[in-house]
Each structure stands twice: as C-alpha cells, then as structure tokens.
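K.L.:
Dropping a structure here in structure tokens format, bear with me for questions.
The values are calculated or read from the model by the stated rules, or taken from the named source; none is laboratory data. Source: prediction; values computed, not measured. For neighbour counting, all protein chains shown are included, and Cβ atoms are generated from backbone atoms with ideal geometry for every residue, glycine included. Accessible surface is based on the protein model in full, side chains and every heavy atom, while ligands, DNA and RNA are left aside. Shrake-Rupley method; radii C 1.70, N 1.55, O 1.52, S 1.80 Å.
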Amino acid sequence: MATDAPQRHYRAPCPSCGAPVEFLSASAPYAVCGYCRSTVVRSGDQLKRIGRMAELFDDHSPLQLMASGRVTLDGREQPFTLVGRLQYKSDAGVWSEWIAALDDGRTATLGEDNGSYVFTQADSGTLVPPQWAKPDVGSTINVAGQSWQVAFSGAVQLIAAEGELPKLPPLGQAFNLIELRSENGEVWSIDYGHAPPQIERGRAVQLADLQLKGLKDESAREDAGGRSFACPNCGAPVSVLLDSSKSCTCPSCHSVIDLSQGVGGELKAVEQSVHSTPLIPLGKVATLQGASWQVVGYQRRQGREPGDDESFAWSEYLLYNRERGFAFLVDAEDGWSLVHTATGAPRIDADRKRATYLGSTYQLQSSYEATTTEVLGEFYWPVQAGQQTANHDYANGNNLLSTERSNGEVTTSVGSKISGQMVAEAFGLVAARQQFERQTVGPFVAAKGVGCATIILIVVALIIVMVLVSNCSGPSGSGGGYSRSSGGSYGGYSSGGSHK
C-alpha cells in the first residue's frame, strides 16, 4: 500500500482492555482487538465495544494479517495488504475470507476456494441481484443477461473474525448466500444478509501471481509434532499434519476420524475395511507441472453407470502444495491424469453431451454414480467411506473436465492426462514403473523388444477370436456387448464447503 494513505496512522485504545487497535483501511468500520478479542466499531475518533469475537478455527493457510501483494483489478495493478479475516460455516464446511485493503482506499476479498483462491471485489451497484428463492444446486439461472450455474445455495453464519472488517454479520446468526459460477471462470457471491443484497465478483488467482510478502514460514502446524490424539476407536496414536484437515484415518485400525469440529473434537470415528495399498505411499513428494506436490490423502472409488450391473474402480491421490493448494492425481484403467478444481462452471448443453469452459468444448465420455469405498490419510473435507456423488466426465483430446454433484454442492475439475512413466519418475519410483503402465487409447503399437514372430502370433490369435465371435453371435441385431474402457472420475470428489 502507498505510505501516504492517511488511514494507515489511525490508532485508538481498545475500550475493553486498553490495547492499541489500529485501522489501516478507511472503509473498515469494525475491528477485533488482537488481545482481548473484543469487537469494536469506529465512530469518529472513538471506539465502542459491541461484543466479543469467538476464537478462530485454526487452519493451514500460509496467509496471515499484514501480508502484502499486488493484484490486477480493472486493468491496472494495485498494491494491497491483508488487514482482516472473516471465518464462515455452512452445512458444507468452514472457510475463510481475507480482507484486502487496496491502495485506492477500497477493500476487496481474497477467499478460499476448495484449496485454491479467488480474488473478488464488491459490485458498484450496477447489478440487480435475483430475489432469494433458494435455487437448486447445479441449476442454471440468468443474471444480467448471462447464464450462471448455482454452485452453492443455502444458509451460512459467521463464526469468528480478526483484524479490520468492512462488514460484520451477526455472530452465529444464519443468513442466505448464493454462489454463482460461469463458463468463463467468473465467480459471483450474493449475500442476502444485507438489504439490498450485496454482490461480489471475481476470478481465481494463484498466490505466486500476487507477489505476496509476509506469508507464514510454514504451512504445517507450528507446534512440534502436529496435532496428536488417541484414535477414538482403537486408542492408537494419530497425528495430523495439516490444520485444514477435516478428516483423517487411523494408521492402525484404518478408522475414518471426523475432525470437522476442530481441535479436541475428534470424537467420531467410523470403521472401514481397507483392501488396497496405494501405489504411491502417503507423504511422497514429486514435482509435477513445475510445482512440488506432497501426497496427503488417498481414496479408492467405485462407479456404476445407469442401468449397468458392472462397476469399475479407480484411485485418487490428494496432493498438496503450499501456494497452489490441492490437486488430484487420478489413477484409472485408461491412464493417469492430474486435475484441479475449477473456479468457474461449464456451460452444459441440454442433452449433457457437450460442456464448454474457458472457450474449449468437451465431449461427454461417461456419466455414473460414484461411491467412495476406502480412504487413507488427510482430507480438507469430511470424507468417509460410502459417500456418493453424481459424476459426468468430458474430454477434449488430452484435456479433461469433470462435474460432480453432492447434496449441497456442485464442483468442476479440469486437468489433463499424463503418462504413467512421468508419474513414476516424478515420485522416484522408477524401479516399479511397470506398475504405473495403463491402457492407452489409439491404434496398436508394438512394444519395445517385440519381434515380428510375436506380432504374427498376435494377429493370428485375433483372427481366430473374430471367427469364433462371428459364429456365435447369431443374426445381425440379435445382441451385442458393451465394454467401458474408461476408468473413472477425472478428479471428482466431495468437496468441503462453500468458498465464497
């Protein structure tokens, strides 16, 4: 921020404890005292105590108060400083919004978004929000002549805050919120806790692009050893690395432990049977797409297409990077893929055969019901065995798009296929690279070292099989088989919370 901004120098004693409370933003009338957590409102040169704020739910975020950076808004780059944080809760989970004081005196919001980040600013009043009618999640509505998908619709409440705040919903009092997403990557948040409703609009950002300074040194817990407790099921010691984890598994009995109630709330555990071993061990680190990723979670999932008795299975590895958030490495029958949650939402044709997102058109590959069968490690949403979602997978060459709908939310994932050899090399598992090989779609290509005699034998065998099938199939149109070669979701999952 510019050093000549006059609001930088406003400071007054807390009316409750006398500690100094400083205001860096002229547009922030509220603040939370960092010593006694009293909530104060600024009136001229005086501060008035209006209540006490609850403790924040600790999370793994590298962000903290007074971190500064630069962002491009309205075509020009602006410095900003993080001066406050609001923490919200809904049935879908807990998330934070950081208040960014801009160089021109306005404030904006840096919000968490399924492990990623979205930078938004308030609409100037040019948009007319729709009347609250609790639209169905996944439905499409038109606002300002544009089509939007409803990514979240429901009641939320403020549970904690710190620093300077331009708005202050009543603590613990529910209000309605709609989150809309578009095919060009935009996000709108409509807050019905105000009259008239307030709209914020923005896009996804990478922390690295914000040129942030003053971040926390470590993303893991600062206290030695992380959070440790006894498993509620078997009593074995359990350690949690990331403070954002909403669920984890016991390394001894594999019970899924609910962490969504915060520190000290590890009281709920669900036993599960684990039959698979991750090909990539938890904790392994690899460099993929120019970033370092650590495996923090693993889940095995099973899918079934409508009207099909045959099921298929695949594996998903949850990857974590301090600045990029989370990603999914998907291991399916037809290959590996690396995907990330998308900020926007695709425009899907009425017949659901095509999806358009960020100017690219994807063709439907499969639609199915997905069930989580096994989980290991930590997750930033309360995952558990038996969770079900409705999935649609689309493709555009090697580029992939997946939509996944649960009871409270619709999420979109985008990414691309990568080779099993690349995965094995990235994780230092070259000795086991044959285990990473998967089916490839395309014409037959002889593998290395395969001689002509072997190829002839394969061709002869195929001719014999074709003759046998021809003799047994009967007249044309009397039947036929269907084989699904694709292996599952392109990174679909049940996400953890609204993110506006």
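K.L.:
Using alpha-carbon positions, what is the distance between the centroids of segment 74-95 and segment 280-350, in Å?
P.N.:
Value for the Cα centre distance between the two parts: 26 Å.
K.L.:
Something else now. I need the calculated FRET efficiency for the pair Asn396 and Glu22, taking r as the beta carbon distance and R₀ as 56 Å, to the nearest 0.05.
P.N.:
Once the sixth-power term is evaluated, E becomes 0.65.
K.L.:
If you take the beta carbon distance between Ser276 and Gln146 as r and set R0 to 30 Å, what does 1/(1 + (r/R0)^6) give as a FRET efficiency, to the nearest 0.05?
P.N.:
Computed FRET efficiency for Ser276 and Gln146: 0.10.
K.L.:
Still on this structure, I have one more. Could you give the nm distance between label points at Met422 and Asp349, where each point is 7 Å from its Cα heading toward the beta carbon?
P.N.:
2.9
K.L.:
Could you pull out the trypsin sites (Lys or Arg not before Pro) across segment 58-113 that fall in loop regions by DSSP (anything but H, G, I, E, B) with no more than 13 other Cβ atoms inside 10 Å?
P.N.:
Here no trypsin sites (Lys or Arg not before Pro) fit, given the DSSP loop and packing criteria.
K.L.:
Report the extension gain between Gln434 and Ala133 in nm, rounded to one decimal, defined as 0.36 nm multiplied by the number of residues separating them, less their alpha carbon distance.
P.N.:
In short, 103.0 nm is gained.
K.L.:
Let me ask something additional. Using a simple spin-label model with points 7 Å from Cα along the Cα→Cβ vector, what separation in nm is obtained for Ala12 and Asn176?
P.N.:
The modelled label-to-label distance comes out at 3.6 nm.
K.L.:
Quote the accessible area belonging to Ser16 in square angstrom, nearest 10, computed with a 1.4 Å probe and with ligands, DNA and RNA left uncounted.
P.N.:
Roll a 1.4 Å probe over it and Ser16 shows about 60 Å².
K.L.:
Next question. Take the Cβ-Cβ distance between Gln388 and Ala236 as r, set R0 to 25 Å, and report the resulting FRET efficiency rounded to the nearest 0.05.
P.N.:
Computed FRET efficiency for Gln388 and Ala236: 0.30.
K.L.:
Which of Lys89/Lys216; Lys48/Lys167; Lys167/Lys216 have a Cα-Cα distance over 19 Å?
P.N.:
From the list (Lys89/Lys216; Lys48/Lys167; Lys167/Lys216), the Cα-Cα distance tops 19 Å for Lys89/Lys216; Lys167/Lys216.
K.L.:
Moving to a separate point now. Can you give me the Cα centroid spacing of segment 371-435 and segment 126-180 in angstrom?
P.N.:
Answer, in whole Å: 29.
K.L.:
Tell me, what is the percent relative contact order of segment 273-349, built from C-alpha pairs under 8 Å that lie six or more residues apart?
P.N.:
18
K.L.:
Can you tell me how much longer the chain between Gln363 and Arg405 gets when fully stretched, taken as 0.36 nm per residue apart minus their C-alpha distance, in nm with one decimal?
P.N.:
13.3 nm
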